[in-house]
Structure formats: structure tokens, C-alpha cells
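Student: Below you'll find the structure I mean.
Values quoted throughout were computed directly from the atomic coordinates according to the rules given, and no laboratory measurement underlies them. All figures in this text were calculated on a predicted structure; none of them were measured in a lab. Here Cβ is always computed from backbone atoms with ideal geometry, including for glycine, and neighbour counts include all displayed protein chains.
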Amino acid sequence: MDNAIGVFSGSTSNKLAKRICHNLSLPQGQSETIVFSEGNTYVKVLETVRGQDIFLIQSIGLDPNNEFVEILFWLDSFKRASANSVTLVMPYFGYSKGDKKDEPRVSIRARVCAECLELAGADRIVAMDLHAPQIQGFFKKPVDHLYSYPLLCQYLKQYDLDNFTVVSPDAGYAKDARSYARYLELPLAIANKERLGHDENTKVLEIIGYQDGSSALIVDDFSISGNTLINLAVELKNRGAEQIIACISHILFDEQAVSNIKNSPIDLIVSTDSVENPHVINSSKIKIVSCSQLLSETILRIYNKESVSVLFDKLPTELIVEEIE
């Protein structure tokens, strides 16, 4: 790699950026973020980026408002410093939940964020497991939408999954759940749930296609409170599930959620390091698999103007599935 490429990190994705730079044998770009006492954010690039192709690593995760604004400032900084291009590598797009107008007088938040990111200077977006794939259409600039399921499935193959059924928590995630089922050669079931408000609580009404007594692999794109996973796990346990594993792309648990998972019927949760989450580090039930190799390969392919689509359905054999201790 030459000095025409620069990989920088926002303040809350520094560990992931370090892993990516290690994989690419690149020094991490020098920068600083300062948050003043009244909450104002200041960012500064500490090295020359003129003419470089810049890759900014930053998820919108546990502190979405501040992380989003910080990204806007970084994009503006690189553009004003005469970077040749700026690619935002945003593994988790927190505002992707706001992908539609399903109530009167509400904002389509993902669309507003997409427009702001482009106006601030993003030339390309890399995201992983967007809440809805049509969010790519909110952007006018190119979007590379990666999937974590090959990475997570490769990790899961160390377990005996012979008697497992892949379970989608709702019909909306059924297509993605089918990808897990196809990859692992397992049957698929779909839960019918009801959400009565915005309190992140759901009620499981039925599980279509589930054979009582089968162990379950629950799959979803993200979890904040863990309530959907726990409620579904309780229902599966009532139906005789011997073992319950959950697989989620992005993990946003707080301390209470981790405690609730500990006391739930779920035996194991596997997720990625798309969001730096200090609350899950010492949990015996939560395993974190790094997505850094997948993102590193994506960055390399974008920089070399090669196809990224080969990474969508399976991992290149040279990529290592790395568990984070």
C-alpha cells in the first residue's frame, strides 16, 4: 500500500480502525476529537491528506447523535483538506431504523441522515447489514452493502448444529434469515410478533414452521434491549428447545440488557465488533467476532477499483474469522 490511501477513525470506532490498519499494514491516520464542556464537538486531521483516498471508520451506535455529528465534521475536514475522495465506512448505521413513514407526522430519519452525509462530503458509503436494503436508495452516491452472515456462520460451524432450526424474529427479517438457513443447511421458522409501542417490548404470537423440541438459532440485524430475543427464547423454551443461540449483526446492549440476557434461556449470543460496546466485554454468554477482515478486504477492493460483490455471499478463503477476547 502506498501513501495515496489514508485510514482514519472517529472517536468511537478506534479499536476497529486499528484492526483494519493492522490487516492492511497501514499506519492509522492521526487525528483528534475534543468535546468541550458544553457538548460542542471539535475534530482535527493531524496530517496532510491532500490528494489521498480517505477511508473514515465510524459507526453510529451507542451515542448516535454525537457520533453522527462527528462524522459530518470529519467529512467536511477531509474535503476542506483537499482529499481526493472520502469513503465513509459505517458498519452500523444507527438511524437506519427510521427507514419509512409508518405513522402520521414523523420524519424518515435515515433519508435525512443520508442527505446530510452526502452534503458534508461523503463520496461513497460502506455499511453492513442495514435495517432495510432500500436505504441504499436514500443515497445518491454509491453504497456498498455488506453482510455479516458468512462471517457469523463460519464462526458457528464450530458448534454442533444438527438439530437446530434458524428462527427469524419477524417476517421482515425472513429473507436474511433464509440466507443463514441456506448457508448452514438448516430449516427455517418465522416468528409472528406484535409491537404495541416504541418501548422495544414485543409479544410473540406464534412461530411458523418451528418443530417443537428443535434447538434454535435466532438471527436478527441488531438488538438494543434484548427483549425481542429474550421473549422469543422464552417461547421457544416453552416449546421444548434444548439449546438456544442468537446471532445478531450489531450489539447495542447496556448493562441492564446484558444482565437480562444472563438470566434468560439464551445459551449464547454471537455478534460483531461493528459497535464498540464496553458492556458486553466480560459476559460469559456473549461472543464477539471481528468484522475487521471483511472491512479491510472491502477497503482494498474499493481502492484498487475491484468488485466488492464477491464478498456478499461467502468469505474469501484467506479471510480469518477472528474472535475478540
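Student: Of 35, 275, 159, which is farthest on the positive side of the dipole of the chain, counting Cα position, with +1 on Lys and Arg Cβ, -1 on Asp and Glu Cβ, and the Cα centre as origin?
Tutor: 35
Student: Can you tell me the relative contact order of the chain? Whole percent, Cα pairs under 8 Å, sequence separation 6 or more.
Tutor: Working: 654 pairs, mean separation 43.6, N = 325.
Relative contact order here is 13 percent.
Student: For the stretch 149-289, what does the relative contact order come out to in percent, with C-alpha contacts under 8 Å and a separation of six or more? Could the numbers behind the result be given before it?
Tutor: Numbers: 279 pairs, mean separation 27.8, N = 141.
Once divided by the residue count of the stretch 149-289, the mean separation gives 20 percent.
Student: Once a ≥ b ≥ c are taken as the square roots of the eigenvalues of the Cα gyration tensor of the chain, is the result rounded (a/c under 1.5), prolate (a/b larger than b/c) or oblate (a/b not larger than b/c)? Each step should come with its number before you reach the end.
Tutor: Details: a/c = 1.92, a/b = 1.61, b/c = 1.20.
Here the chain falls in the prolate category.
Student: Placing unit charges on C-beta atoms (Lys and Arg positive, Asp and Glu negative, everything else neutral), compute the dipole magnitude of the stretch 242-296 about its Cα centre in debye, rounded to 20. Walk me through the numbers before you get to the answer.
Tutor: On the way: 3 positive and 6 negative charges, 16 e Å.
Using Cβ point charges on Lys, Arg, Asp and Glu, the stretch 242-296 gives about 80 debye.
Student: Does anyone have the angle between helix 109-120 and the longest principal axis of the chain? Alpha-carbon axes, 0 to 90°, nearest 10?
Tutor: 20 degrees
Student: With a/c under 1.5 counting as rounded, go ahead and sort the stretch 149-289 into rounded, prolate or oblate using the C-alpha gyration tensor (a ≥ b ≥ c being the square roots of the eigenvalues; past the cut-off, prolate if a/b is larger than b/c, else oblate).
Tutor: On the way: a/c = 1.45, a/b = 1.12, b/c = 1.29.
Rounded is the answer for the stretch 149-289, as its axis ratio a/c remains below 1.5.
Student: Rounded to the nearest 10 degrees, what's the angle between the helix 292-303 long axis and the longest principal axis of the chain, both from Cα atoms, 0 to 90?
Tutor: Compared with the principal axis, the helix lies near 40 degrees.
Student: Charges on Cβ only, +1 for Lys and Arg, -1 for Asp and Glu, centred on the Cα centroid of the chain; of 87, 26, 243, which one is farthest towards the dipole's positive end?
Tutor: 87
Student: What residue among 94, 39, 240 has the largest mean-square fluctuation in a Gaussian network model of the chain, using Cα springs under 10 Å?
Tutor: Its mean-square fluctuation being the largest, the pick is 39.
Student: Let me ask another. About its Cα centre, what dipole magnitude does the stretch 149-289 give when the only charges are +1 on Lys and Arg Cβ and -1 on Asp and Glu Cβ, stated in debye to the nearest 20? Could the numbers behind the result be given before it?
Tutor: Values: 12 positive and 19 negative charges, 37 e Å.
The dipole of the stretch 149-289 has a size of about 180 debye.
Student: Kindly put 139, 312, 78, 36 in sequence by how many other C-beta atoms sit within 10 Å of each C-beta, fewest to most.
Tutor: Details: 139 19, 312 14, 78 28, 36 8.
Exposure proxy ranking, most exposed first: 36, 312, 139, 78.
Student: Label the stretch 118-201 by shape, choosing from rounded, prolate and oblate, from the square roots a ≥ b ≥ c of the eigenvalues of the Cα gyration tensor; if a/c is under 1.5 it is rounded, and otherwise prolate applies when a/b is larger than b/c, oblate when it is not.
Tutor: Working: a/c = 2.89, a/b = 1.48, b/c = 1.94.
It comes out oblate by the Cα gyration axes.
Student: Could I ask something else about it? Mind pulling the angle between the C-alpha long axis of helix 14-24 and the longest principal axis of the chain? Nearest 10 degrees, somewhere in 0 to 90.
Tutor: Taking Cα atoms only, the helix is inclined about 80 degrees.
Student: Still on this model: When the helix-only estimate is applied to the chain (DSSP H runs of n ≥ 4, each -39,500 (n - 2.57), divided by the residue count), what is the mean residue ellipticity at 222 nm, nearest 500 deg cm²/dmol?
Tutor: Working: 8 runs with 91 residues, N = 325.
Result for the chain, helices only: -8500 deg cm²/dmol.
Student: In the stretch 36-90, what GluC sites (Glu not before Pro) fall in a loop by DSSP, with at most 10 other Cβ atoms inside 10 Å? Let's see the in-between values first.
Tutor: Numbers: sites: 38, 47, 67, 70; in loops: 38, 47.
Answer by residue number: 38.
Student: Roughly how many nanometres apart are two label points built 7 Å out from the Cα toward the Cβ at residue 192 and residue 310?
Tutor: My value for the distance between the label points is 4.4 nm.
Student: Nearest 20 debye, what's the magnitude of the dipole of the chain about its Cα centre given +1 on Lys and Arg Cβ and -1 on Asp and Glu Cβ?
Tutor: On the way: 31 positive and 43 negative charges, 129 e Å.
My answer is approximately 620 debye.
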